[in-house]
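Just so it is clear, none of the values below were taken in a lab; they were calculated from the coordinates. Small disclaimer: the values here were computed from a predicted structure and weren't measured. Cβ atoms come from the backbone with ideal geometry, glycine included; neighbour counts cover every protein chain shown.
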Amino acid sequence: MTLLLASANAEIGMALGRDLLLSGASALDVVEAVVRAVEDNAGDHTVGYGGYPNILGTVELDASVMDGTTRAAGAVAGVSACRHPFSLARAVMERLPHVMLAGAGADRFAREVGLASGDLLEPEAAATWRRGVETYHVDLGDNAPLADAVKTLVLDPEHVTGTVNVVAIDAAGRLVSGVSTSGWAWKYPGRVGDTGCLGAGNYADARYGAATCTGWGELAIRTGAARRAVQSMAGGASAGEALADVLADLPDPGMGDAVPFHMLGVRADGTYAAVSTTEVSRYAVWEPSMAAPEVRPRTQVGAP
Ligand code: GLY
C-alpha cells in the first residue's frame with residue numbers, strides 16, 4: 001500500500017513523488033522531494049523562496065517533519081536564510097538531540113549543514129509587501145508600533161495564509177508527514193504558526209495515522225489540531241470523522257468572518273480525507289490505482 005496525499009499547491013511535485021514511490025524510495029525522501037519542489041516554486045507566495053515576507057520585509061519560513069514509525073520529528077521556525085526549511089527540519093530530526101530550532105539558531109544550523117541560501121525575497125512578493133506597507137503608511141522604524149498595521153494587513157483576503165502539506169506511505173508501510181510555509185503575509189516579526197509546531201499543524205503516528213493543516217495556523221495551535229485528529233483515529237474514527245470533528249470545534253478567532261482552515265488526514269490503513277471550512281480548497285492525491293496524480297475538491301465541513 002502506497003499513498004501520496006498533499007495540498008493542491010504540491011501539484012508541481014506530485015509526479016516526481018509518484019515516480020519516487022514507484023521506484024521504492026522511502027516516504028521521508030518522497031515527502032522531502034515534493035515539499036522542496038514547492039519551496040523552489042517562486043510563483044507560490046506561501047512557501048519557501050517567493051514566500052511573502054513579514055511586515056518588515058523579511059521572509060521567515062517555518063517547516064516540520066514527523067516520521068510516524070519512530071515518532072521522530074524535526075521543526076524549524078523563523079528561518080530567513082534557508083530556501084529549504086523542510087530539509088533543515090529533517091536535519092534537526094536526524095542530526096541534533098533536539099526537535100525544534102528557531103530564528104538565528106536555525107539559520108546558523110542551516111550554514112552548518114550546507115543548507116544556507118541567499119535572500120529569499122522574490123521581486124513580486126517584495127512588490128506586494130511594499131504596496132501593503134505604503135497603503136497603510138506603516139512606520140518601519142526601530143521600535144515603531146506594528147500591531148495595528150499587522151491586524152489590518154494580515155486579513156487582506158488576496159493574501160491569506162497558505163502552506164504545503166505532504167503525507168506519504170511507502171512500500172514498506174512507513175508513514176511520514178511534512179509541512180512548510182512562509183506563514184501570513186505581513187505577519188508580526190517572529191510570529192510562529194502551526195507549521196513549526198508539531199501536534200498543531202503536523203502529526204504522524206504510524207500505528208494510527210497522520211494529519212496536517214493549512215490555513216489559519218493560530219487555530220491549529222490553539223486546538224492541537226493534528227494531534228487531536230490522530231488521537232481520534234486511534235479511537236477508531238475514520239479520517240473524515242477525525243478531521244470533521246476538529247473543524248467543527250474550532251474556536252472563533254475574533255478577527256472577522258473568514259476562517260480558512262484545511263486539513264488532510266490519513267489512517268494507518270491508507271484511507272484518507274481532505275476537508276476545509278471553505279468551498280474552494282482542493283487537494284492532490286496519487287495512489288497506485290491512478291495513472292497520474294489528481295487534484296480534487298476537499299469536503300467542506302462546519303466552521304465556527
Ligand atoms: N498554516 C500556516 C500558518 O498559519 O503559518
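Output the peptides 182-190, 276-284 sorted from most to least packed, where packing is the average of other Cβ atoms within 10 Å over each peptide's residues.
For the peptides 182-190, 276-284, the packing ranking is 182-190, 276-284.
Rank by packing, highest mean first: peptides 259-267, 226-234, 42-50, with packing defined as the count of other Cβ atoms within 10 Å averaged across residues.
The densest-packed peptide leads the list: 259-267, 226-234, 42-50.
Sort 288-298, 167-177, 109-119, 55-65 by the packing proxy (mean of other Cβ within 10 Å over each peptide's residues), most packed first.
So the peptides 288-298, 167-177, 109-119, 55-65, ranked by packing, come out 55-65, 167-177, 109-119, 288-298.
Quick one: which residues, 5+ away or cross-chain, put their amide H under 5 Å from the amide H of Asp40? H built at 1.01 Å from N.
Residues meeting the amide H criterion: none.
Using the crude model of +1 on Lys and Arg Cβ and -1 on Asp and Glu Cβ, and no other charge, please compute the dipole size for the range 131-203 relative to its Cα centre, in debye to 20.
Around 260 debye, computed over the range 131-203.
Net charge within 12 Å of Leu121 by Cβ-Cβ distance, Lys/Arg positive one each and Asp/Glu negative one each, not counting Leu121 itself?
That sum, taken over residues with Cβ under 12 Å, equals -2.
Cα atoms only: what Rg and Dmax, in Å, come out for the chain?
Cα only, the chain: 18.0, 57 Å (Rg, Dmax).
If you look at just the Cα atoms of the range 47-176, how large are its Rg and its Dmax in Å?
According to the Cα coordinates of the range 47-176, Rg and Dmax are 16.9, 55 Å.
Can you tell me the dipole magnitude for the chain around its Cα centre, using point charges on the Cβ only (Lys, Arg +1; Asp, Glu -1), in Debye to the nearest 20?
In debye, rounded to 20, the chain gives about 600.
Can you give the extra length, in nm with one decimal, that the chain gains between Ala127 and Ala42 once fully stretched, where that is 0.36 nm per residue apart less the Cα-Cα distance?
Answer, rounded to one decimal: 29.2 nm.
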